[in-house]
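The values are calculated or read from the model by the stated rules, or taken from the named source; none is laboratory data. The shown structure was predicted, so the numbers you read here are calculated from the model rather than taken from an experiment. Cβ placement follows ideal geometry from the backbone for every residue including glycine, while neighbour counts extend to all protein chains displayed. Just so you know, the surface numbers come from the protein's heavy atoms only, side chains and all, with ligands and any DNA or RNA stripped out. Shrake-Rupley method; radii C 1.70, N 1.55, O 1.52, S 1.80 Å.
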Amino acid sequence: STDTRIGRAGESREAAMTTLVVRNVPLAYTIESLLREWQCEQKCDFVYLPQNVQLQQNLGFAFLNFPSHSEAVAFKRKWRNGRLAHSERDGGLNIKFAQVQ
């Protein structure tokens with residue numbers, strides 16, 4: 001019985017999630033190049049791509065927030081395991097809902 005309640009709570013929490021973390025972003029990408037390739041300028045209301053200023057490259061992951069859960073899910077489905085045009089790493093994009101929303 002407890003497991004069922006935990007499952008439902010987890011499901012309802014996920015249904016409210018709108019922020020994704022995207023891993024395996026090529027290091028040379030900028031926010032502008034990501035948005036251009038993902039074509040989500042109109043759908044994303046927040047994008048954060050942490051940078052290593054000394055190396056002048058990103059850290060390989062980005063956070064994207066969408067106005068609605070359904071838009072976040074659509075992006076996740078479209079790009080999960082996808083590859084960006086200038087990928088230098090093996091494997092595709094790893095996309096999950098961010099722990100902190």
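Residue 21 contributes about 10 Å² of solvent-accessible surface, heavy atoms of the protein only, 1.4 Å probe.
Between residue 54 and residue 86, the simple label model (points 7 Å from Cα in the Cβ direction) yields a spacing of 2.3 nm.
The portion of the accessible surface of the stretch 8-79 made up by carbon and sulfur, rounded to a whole percent, is 51 (1.4 Å probe; DNA, RNA and ligands excluded).
Calculated accessible area for the stretch 19-64 comes out at 59 Å² per residue, all protein chains present (probe 1.4 Å; ligands, DNA, RNA ignored).
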